[in-house]
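The values are calculated or read from the model by the stated rules, or taken from the named source; none is laboratory data. Nothing here was measured: the structure is a model prediction, and the numbers come from that model. Neighbour counts are summed over all protein chains in view; Cβ atoms, including those assigned to glycine, are modelled from backbone coordinates with ideal geometry.
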Amino acid sequence: MDYLFGLKTDKFVLLAADKNAARGISVLSSDVNKFYKLTSKCSMVCVGEGGAADQFANYIQKNVHLYKMRNDYEMTAQAAAHFARKTVADGLRSRDGSYLVHFLVGGIDGGAQSVKPYLTYVDYLGSKYDAPYVLHGYGGYFCYSILDRLYRNDMTEEEAVKALKTCLSTLKTRFVINFPEFDAVIIDQNGTRKLGNIKTSDL
């Protein structure tokens, strides 16, 4: 049971994820970090079976860092997403086995004069979906209609965070599974910054 949230405007990308690690009906931990910083302006939030998510995300993270060391410039968010998607697709066709992961990649491409926020979702089959807002998990059943109503391409950071909190408040009220805490980050032209823990008990 995981919940991932991504929202893209014309200036920034907002990513959020729950902090639960669960197996079956048991919660194993409520303090799991699902974020992986790929570049100064790009992050991945990844979930999957067992240790698959951590193994896969670390592999992507280290290869993106290696790309910068070899070329003296960072990979774009779109290129990082394509590399990660291809890794999943290649895994499906190899004898080593597939990566049972789902992930969002968000970041900022372009220079100071041409900011290009980027957001995509990739599933365990390597299917890739670019959209202004994406959700993973059962929470999407409750929250897509909320974002259909609230989303604007020119949203401010405060409005985007308010939309996120509206979604989380709805999950708290309507969804049978309890998500006590969420991590969230905003990625803009100045880099990546954490918004800190969002506790659903405060909503």
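Worth pointing out:
- The set of residues from the range 83-108 being without any contact (Cβ under 8 Å) to a residue 40 or more places away in the chain and surrounded by 14 or more Cβ atoms within 10 Å (Cβ to Cβ) comprises Phe83, Thr87, Val88, Ala89, Gly91, Ser98.
- Condition met for Tyr144 (of a type in the set (Ser, Thr, Tyr) and outside any helix (DSSP H, G or I)): no
- The requirement of being closer than 19 Å to Ala21 by Cα, of a type in the set (Val, Ile, Thr), surrounded by 14 or more Cβ atoms within 10 Å (Cβ to Cβ) and out of contact with any Lys or Arg (no Cβ under 9 Å at 6 or more places or on another chain) is satisfied by Ile177.
- The residue pairs whose first member lies in the range 148-171 and is closer than 14 Å to Tyr133 by Cα and in contact (Cβ under 8 Å) with a residue 24 or more places away in the chain, whose second member is part of a helix (DSSP H, G or I) and among the small types (Gly, Ala, Ser), and whose beta carbons are closer than 8 Å, counting only pairs six or more residues apart or on different chains, are Tyr151/Ala163; Met155/Ala163.
- Of all residues making up the range 181-196, the number that are under 21 Å from Asn20 (Cα atoms) and touching a Lys or Arg at 6+ places or on another chain (Cβ under 8 Å): 6
- The C-beta contact set for the range 118-130 (first residue over 11 Å from Gln78 (Cα atoms), second residue in a strand (DSSP E or B) and acidic (Asp, Glu), distance under 9 angstrom, 6+ apart or interchain) comprises Tyr121/Asp130.
- The range 172-194, residues that are without any contact (Cβ under 8 Å) to a residue 40 or more places away in the chain and under 21 Å from Phe35 (Cα atoms): Asn178, Asn190, Arg193, Lys194
- Against the conditions (1) within 28 Å of Asn197 (Cβ to Cβ); (2) modelled with pLDDT under 95; (3) surrounded by fewer than 19 Cβ atoms within 10 Å (Cβ to Cβ), Ala53 satisfies every one except (3).
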